[in-house]
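Shown next, in structure tokens, is the structure this report addresses.
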Amino acid sequence: MIIKRFRAENFRNIEKCDIEFSPGVNLLYGKNAQGKTNVVEGIYYFSRGKSFRGREDKELVRFGEAGFRIKLDFASETGEESLEYAMFGKERLRKKNDYKITKVTEMIGSFKAVLFYPDDLGLVKDGPEERRGFLNVAAAACYAPYIRYYSDYKKALENRNCILKMMQKGLPVDYRELESWSDSVAEYASHIYLFREDYIKRLTVYAGKILGEISDGGEELTLSYESSVASGIQDRLTVKEEYKKILTSSIDREIAAGVTLFGPHRDDLDIRINGKSARSFASQGQQRSIVLALKLSEGEVIKEICGEYPVFLFDDVLSELDERRRKYVLSEIGDRQIIITCCDRNECVGFTDNEIEVSGGKYVSSYR
Ligand code: ATP
Ligand code: MG
């Protein structure tokens, strides 16, 4: 997958831009607050259907303007494609290959990108919520129905929690309703479980290999799925039955807590280095290497499942890596497309195919 061109109008600090990208390593460099991340944000919008930093689309509108427009031209194995998104006040316009589409869900799925930005550096040390977020984004890019199951799960969970809250307060409830929501929770949970289980199994293979390559081969990385149900079950109905058993047997605790205590919303990705918990024992450098290995592996799994590499978007993380890891990234991903932002262009000397100087929302490209 290769981005050819990104255009934006009144997006963040960009009044108007038209940037062309090369197939290999593209560098966006410039001082702070000039508009490097804004481009990454605009591009990645088409992968997730929302911004990775703003909560609402209206934050993306250039101050003082009524709306914005972004457009991405890219080439995939299926041919040349384009995606466009615009918002003006309450109006939304979405286009795919210049034809109008109505739903966000129609917009996402065709353009695949892996984003690595400074917040990801905490993935190892942060709480399970961050790792679940990583799993959700990564799995959604690989399995088309994942998002739907996940949002159905959350809705069912909310309803079940509502009933548990009423029971906690001693209010009368309809037990059949509780039963029915428990069944839905277990049903959706079983799908999510199987996707996560499969995803982590695939991810482990690449992450272990890549970590070996960037760390002298002396460190062994193991990833495993930590879920309310024992990992390794293949049959969905068995998984569902397991979830139902847990929900039934823990009902008294759940009523006391007023929430559902078990399920995919409590899952974690256990990361171990040489058999020891990375969260407790990994050094700063090891954590960075693990996150880098996870991000590169995310791309490998997309390639394995979807048949082609995604675009790698590395926002401001290169300077966080030491010389050796930086070189690994720049040379090893050479056959894929990567868009990197950093302040100091010298960090990438000798490795770039296209350099774009960024200043005040303006982009000047110099192909090497
Ligand atoms: P850094 O190196 O610090 O990460 P950057 O080049 O990545 O900087 P961006 O995050 O792209 O910088 O932001 C550039 C500028 O965009 C900032 O000055 C910010 O104030 C401005 N900005 C953000 N949102 C808007 C908006 N809605 N309208 C106008 N300007 C905005
Ligand atoms: Mg930035």
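The values are calculated or read from the model by the stated rules, or taken from the named source; none is laboratory data. Quantities reported herein were computed from a predicted structural model and do not represent experimental measurements. When we count neighbours, we look across all protein chains shown, and the Cβ atoms used for this are built from the backbone with ideal geometry, even at glycine.
Figure legend. Inter-residue proximity from the stretch 213-238: first residues assigned by TED's automatic domain parsing to the domain that holds SER289 and of a type in the set (Gly, Ala, Ser), second residues assigned to a loop (DSSP other than H, G, I, E, B) and at pLDDT below 95, beta-carbon distance below 7 Å, spacing 6+ or different chains. Indicated pairs: SER224/SER231. The residues in the stretch 21-63 that are near ligand 1 (Cβ under 8 Å from one of its atoms), more than 21 Å from LYS112 (Cα to Cα) and out of contact with any helix residue (DSSP H, G or I) (no Cβ under 8 Å at 6 or more places or on another chain) can be counted, and the count is 9. Within the stretch 54-67, if we keep just the residues that are within 16 Å of ligand 2 (Cβ to nearest atom) and surrounded by 12 or more Cβ atoms within 10 Å (Cβ to Cβ), the residue that is nearest to the chain's Cα centre (by Cα) turns out to be GLY54.
Check off (1) part of a loop (DSSP other than H, G, I, E, B); (2) within 11 Å of PHE11 (Cα to Cα) for ILE70 and give me the number that stays unchecked. Going through the list (1) part of a loop (DSSP other than H, G, I, E, B); (2) within 11 Å of PHE11 (Cα to Cα), ILE70 breaks only (1).
Any residue in the stretch 250-262 that is of a type in the set (Asp, Glu) and modelled with pLDDT under 95? Checked against the condition, which is being of a type in the set (Asp, Glu) and modelled with pLDDT under 95, the stretch 250-262 yields no hits at all.
Whether any residue in the stretch 121-130 is farther than 25 Å from PRO145 by Cα, at pLDDT below 95 and within 15 Å of ligand 1 (Cβ to nearest atom) is what I want to check. There is at least one residue in the stretch 121-130 that is farther than 25 Å from PRO145 by Cα, at pLDDT below 95 and within 15 Å of ligand 1 (Cβ to nearest atom).
Just one of (1) closer than 30 Å to LEU292 by Cα; (2) more than 20 Å from the chain's Cα centre (by Cα); (3) at pLDDT 95 or above fails for ILE192. It is (2). For the stretch 271-368, the helices (runs of 4 or more DSSP H) that sit wholly inside it and include 3 or more residues that are in contact (Cβ under 8 Å) with a residue 60 or more places away in the chain and more than 17 Å from the chain's Cα centre (by Cα) are 284-306, 323-332.
Could you tell me whether any residue of the stretch 115-134 is touching a helix residue (DSSP H, G or I) at 6+ places or on another chain (Cβ under 6 Å), assigned to a helix (DSSP H, G or I) and among the aromatic types (Phe, Trp, Tyr)? Checking the stretch 115-134: not a single residue is touching a helix residue (DSSP H, G or I) at 6+ places or on another chain (Cβ under 6 Å), assigned to a helix (DSSP H, G or I) and among the aromatic types (Phe, Trp, Tyr).
Restricted to the stretch 220-245, and to residues there that are assigned to a helix (DSSP H, G or I) and acidic (Asp, Glu), the residue that is surrounded by the fewest Cβ atoms within 10 Å (Cβ to Cβ) is GLU241. Among the residues of the stretch 107-115, is there at least one that is within 21 Å of TYR143 (Cβ to Cβ), free of Cβ contacts under 8 Å to residues at least 40 places away in the same chain, exposed (fewer than 12 other Cβ atoms within 10 Å of the Cβ) and within 21 Å of the chain's Cα centre (by Cα)? The answer is no; no qualifying residue exists.
Just to be sure, is VAL104 in contact (Cβ under 8 Å) with a residue 12 or more places away in the chain and outside the structural domain of ARG279 (by TED's automatic domain parsing)? Yes; evaluated as a whole, the condition is true for this residue.
From THR260, THR248, grab the single residue that is hydroxyl-bearing (Ser, Thr, Tyr) and surrounded by fewer than 17 Cβ atoms within 10 Å (Cβ to Cβ). Walk me through it before giving the result.
Values: THR260 fails: surrounded by fewer than 17 Cβ atoms within 10 Å (Cβ to Cβ).
Among THR260, THR248, only THR248 is hydroxyl-bearing (Ser, Thr, Tyr) and surrounded by fewer than 17 Cβ atoms within 10 Å (Cβ to Cβ).
Somewhere in the stretch 69-77, is a residue crowded, with 16+ Cβ neighbours inside 10 Å and within 16 Å of ligand 1 (Cβ to nearest atom)? Yes - at least one qualifying residue is present in the stretch 69-77.
Select from the stretch 233-248 the residues that are hydrophobic (A, V, I, L, M, F, W, C), within 14 Å of TYR188 (Cβ to Cβ) and in contact with a helix residue (DSSP H, G or I) (Cβ under 7 Å, 6 or more places away or on another chain) and list them in ascending order.
The first filter runs over the stretch 233-248 and keeps only residues hydrophobic (A, V, I, L, M, F, W, C), leaving 233, 237, 239, 246-247.
Filter once more, keeping what is within 14 Å of TYR188 (Cβ to Cβ): 237, 239, 247.
If the condition is that a residue be hydrophobic (A, V, I, L, M, F, W, C), within 14 Å of TYR188 (Cβ to Cβ) and in contact with a helix residue (DSSP H, G or I) (Cβ under 7 Å, 6 or more places away or on another chain), then VAL239, LEU247 are the ones that fit.
A quick yes/no check of all residues on (1) under 22 Å from the mean Cα position of the chain (by Cα); (2) touching a residue at least 40 places away in the same chain (Cβ under 8 Å); (3) closer than 18 Å to ILE338 by Cα; (4) in a strand (DSSP E or B):
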| residue | (1), (2), (3), (4) |
| --- | --- |
| GLU9 | no, yes, no, yes |
| VAL40 | yes, yes, yes, no |
| PHE74 | yes, yes, yes, yes |
| TYR85 | yes, yes, no, yes |
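One residue alone among LYS31, LYS103 is within 16 Å of ligand 2 (Cβ to nearest atom) and of a type in the set (Lys, Arg), and that residue is LYS31.
Test SER51 against the stated conditions and say whether it is within 16 Å of ligand 2 (Cβ to nearest atom) and part of a loop (DSSP other than H, G, I, E, B). Steps first, answer last, please.
Working: within 16 Å of ligand 2 (Cβ to nearest atom): yes; part of a loop (DSSP other than H, G, I, E, B): yes.
For SER51, the condition - within 16 Å of ligand 2 (Cβ to nearest atom) and part of a loop (DSSP other than H, G, I, E, B) - is met.
Looking only at the stretch 284-307, decide whether some residue is within 16 Å of ligand 1 (Cβ to nearest atom) and out of contact with any Ser or Thr (no Cβ under 8 Å at 6 or more places or on another chain).
We begin by selecting, within the stretch 284-307, every residue within 16 Å of ligand 1 (Cβ to nearest atom); these are none.
There is no residue in the stretch 284-307 that is within 16 Å of ligand 1 (Cβ to nearest atom) and out of contact with any Ser or Thr (no Cβ under 8 Å at 6 or more places or on another chain).
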